[in-house]
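This report refers to the structure that appears directly beneath it.
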Amino acid sequence: MKTSRRLDPTLHIAVIDSSILFSALILHFNYVNEQLDRPAKFVDKLDPLLQEPGGQETFMNLMRSISIKLISSHVIGELQGLVQHRLRLKGDDLSNFWEFSVELVKQWNVDERLISISELGADEHLASLISLIGPPDTGLLALAHRNSCPVITEDEKTLAREAWRIHVDCRLLKQLMPVGL
Amino acid sequence: MLRLLHIRKEDSPPGTSTTYTVIDNGRHGEKSGFGESCAFTREALTSLLSQEGLPSSAIEDALGELDETGSAQIELQPRIGPRIIRAWFDTVLNPLLQSLELELKILQKRNLTFSFRPEKFELIRPIRRLLEYSVWPNLEQIEELNPALKEAFQRHDKDVDRLLDAVIALHTALSTDPEFTKLCDSLLTPEQFEELGATEHYEVFGAYPPSDRYNLIAQYVVNNPDQPAYYSTAKFWNRNREILLATLQFPGVRKRYLVTIQMADQSASDNRELIRTLKDLRRDLSFGHDVPLTTGDENKPAA
């Protein structure tokens, strides 16, 4: 029997970490490719929870169900690095990946906010985090704090640990996905 | 690059035929080092020089020089070697074939991947846009040696332009057609939203603003896509797909639609021909130069 450990099935607003958005973009890339009779790629790059069709569908529907998905512009900046270094896409495949990604970001109305380094540096608590977890993760915590909403991530060791330490609501992907898929 | 043939006449015992040692320097485009050395009879040497495109008079001169001095040097056109072929395969021919085969599938499915802003196809592009900028010189080298292929590439790019023009005209005809906009409005009432389980515009159309609604719906009609369930627009599109596709038969739209189909068929036909030409070229180069079509790891992702 499946038992659900989902903490909040109807997250209205959440900050999305780059690893989560990256997983969604890979799954969408695969979906479009499969529609065109091309093989799915990079499944091994995904969290084990997302390597099976059931988990993939649940994840994409979960993402879809979050009405307001907030990201910082740092997240978009990190994506290109992830695409090039982890997927090594190039040429036509790279163009296609971004074409599909832009459409998914539009479909999901992903709300990209600028959190400047100056803003982070001006906050005593956040400034001390910059050197610990880097500006992108610090920006996500600032965004979550500012909007009183959780951060969703796969990064338990750095982002989640620091979020919990400073009492920012942080949900790990494995906490949001039903167990036993 | 210079390709030199060094020929030396060997001493032969009386009563035996004369042999010639030929060193083909730069046969594969090497800049330095020893070339390949082979022994030829006079007839075989004449035949070799003729095959390399040397005029008869130049062949006679070379043989005369060999008889007189015992050696000769002849400059020949550089031959395309396996390293160049490998680069062509990996950077141009294989990626192009992959992209063109994908393009053909899209044309056959008639999901043209048109986007109204900017007005373009997501997955149908001119030849150069299918390749990385850094490999364009290889493409230009291939075009230089294959004028017919260059023309086929130009034909492909013209097809893309013409098809895009046709689709833009169809999209404009649809999105500005009063019957079409009236139908869209009737599908976007608060009651219809409620049936879709939505209250806000963004729940149905994502980041597309309300002012884009006719353009976006017309885009879907033009492309007729299968939308994944996780798309914001999926519920609306799947629910109203049939009635919206019927708008392609509206009097002010039908003619544009037929032109688009005609252009898509023409593009598919030219695309098929181009794929065949590229595969023939690739096969000939592979067998002619003993170069495998692929080494199998061009797109291997990082571990």
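The values are calculated or read from the model by the stated rules, or taken from the named source; none is laboratory data. Predicted, not measured: the structure shown is a model, and the values here were computed from it. Virtual Cβ from ideal backbone geometry, glycine too; neighbours counted across all protein chains shown.
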Item to complete: Report yes if some residue within segment B:149-166 is of a type in the set (S, T, N, Q) and within 14 Å of the chain's Cα centre (by Cα); otherwise report no.
Response: yes
Item to complete: Can you give me the number of residues within segment A:105-119 that are more than 10 Å from chain B (Cβ to nearest Cβ) and surrounded by 19 or more Cβ atoms within 10 Å (Cβ to Cβ)?
Response: 1
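Yes or no, residue by residue, for (1) under 26 Å from B:Ala218 (Cα atoms); (2) at pLDDT 95 or above:
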site: B:Gly70; (1), (2): no, no
site: B:Gln77; (1), (2): no, no
site: B:Arg83; (1), (2): no, no
site: B:Phe89; (1), (2): no, yes
site: B:Leu97; (1), (2): no, yes
site: B:Pro118; (1), (2): yes, no
site: B:Pro126; (1), (2): yes, yes
site: B:Glu132; (1), (2): no, no
site: B:Pro137; (1), (2): no, yes
Discussion item. Filter segment B:165-180 down to the residues that are in contact with an Asp or Glu (Cβ under 9 Å, 6 or more places away or on another chain) and buried (at least 19 other Cβ atoms within 10 Å of the Cβ) and list them by number.
Written reply: B:Val167, B:His171
Worksheet item: Which of (1) farther than 28 Å from A:Ala163 by Cβ; (2) buried (at least 22 other Cβ atoms within 10 Å of the Cβ); (3) within 8 Å of chain B (Cβ to nearest Cβ) does A:Met63 not meet, given it meets every other one?
Response: (1)
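Listed here are the residues, each with its yes/no results for (1) farther than 16 Å from B:Leu187 by Cβ; (2) polar (S, T, N, Q); (3) assigned to a helix (DSSP H, G or I).
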position	(1), (2), (3)
B:Gln219	no, yes, yes
B:Gln227	no, yes, no
B:Lys235	no, no, yes
B:Ala264	yes, no, yes
B:Lys279	yes, no, yes
B:Gly288	yes, no, yes
B:Thr295	yes, yes, no
Fill in: Counted residues, segment A:131-153 - those being aliphatic (A, V, I, L, M), in a helix (DSSP H, G or I) and crowded, with 17+ Cβ neighbours inside 10 Å
6
Practice prompt. Quick one: B:Asp297 ticks every box in (1) on the phi > 0 side of the Ramachandran plot; (2) at pLDDT below 90 except a single one, so which number is it?
Written response: (1)
Worksheet item: For residues in segment B:115-160 being among the polar types (S, T, N, Q) and touching a residue at least 60 places away in the same chain (Cβ under 8 Å), which is farthest from the other protein chains (Cβ to nearest Cβ)?
Response: B:Asn146
Discussion item. Cβ-Cβ distance below 7 Å, separation of 6 or more or different chains: which pairs start in segment B:43-63 with a residue that is among the small types (Gly, Ala, Ser) and end on one that is loosely packed, with under 14 Cβ neighbours inside 10 Å?
Written reply: B:Gly53/B:Gln77
Response to the item:
Subset of segment B:108-155, residues in a helix (DSSP H, G or I), of a type in the set (A, V, I, L, M) and in contact with a helix residue (DSSP H, G or I) (Cβ under 9 Å, 6 or more places away or on another chain), comes to B:Ile127, B:Leu130, B:Val135, B:Leu139, B:Ile142, B:Ala148, B:Leu149, B:Ala152
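Regarding B:Ala218, is this residue surrounded by 14 or more Cβ atoms within 10 Å (Cβ to Cβ) and either touching a strand residue (DSSP E or B) at 6+ places or on another chain (Cβ under 7 Å) or farther than 21 Å from A:Val105 by Cβ (or both)? Walk me through it before giving the result.
Numbers: surrounded by 14 or more Cβ atoms within 10 Å (Cβ to Cβ): yes; either touching a strand residue (DSSP E or B) at 6+ places or on another chain (Cβ under 7 Å) or farther than 21 Å from A:Val105 by Cβ (or both): yes.
Here the answer is yes, as B:Ala218 does meet what is asked.
Residues B:Leu112, B:Leu100: which one is in contact (Cβ under 8 Å) with a residue 12 or more places away in the chain, within 14 Å of chain A (Cβ to nearest Cβ) and in contact with a Phe, Trp or Tyr (Cβ under 9 Å, 6 or more places away or on another chain)?
Numbers: B:Leu100 fails: in contact with a Phe, Trp or Tyr (Cβ under 9 Å, 6 or more places away or on another chain).
When all the criteria are applied, what remains is B:Leu112.
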Worksheet item: If we scan segment A:89-104, do we find a residue that is modelled with pLDDT under 95, under 18 Å from A:Ala24 (Cβ atoms), part of a loop (DSSP other than H, G, I, E, B) and facing another protein chain (nearest Cβ under 10 Å)?
Response: yes
Worksheet item: Based on what the data block shows, is A:Leu176 at pLDDT below 90 and not polar (S, T, N, Q)?
Response: yes
Worksheet entry | For A:Thr158: the one exception among (1) away from every other protein chain (no Cβ under 14 Å); (2) touching a residue at least 24 places away in the same chain (Cβ under 8 Å); (3) surrounded by 14 or more Cβ atoms within 10 Å (Cβ to Cβ) | (3)
Response to the item:
Only unsatisfied item for B:Ser232, checking (1) of a type in the set (Ser, Thr, Tyr); (2) under 32 Å from the mean Cα position of the chain (by Cα); (3) at pLDDT below 95; (4) farther than 26 Å from B:Arg83 by Cβ, is (2)
Item to complete: Output the residues belonging to segment B:168-213 that are within 11 Å of chain A (Cβ to nearest Cβ) and in contact (Cβ under 8 Å) with a residue 40 or more places away in the chain.
Response: B:Asp212
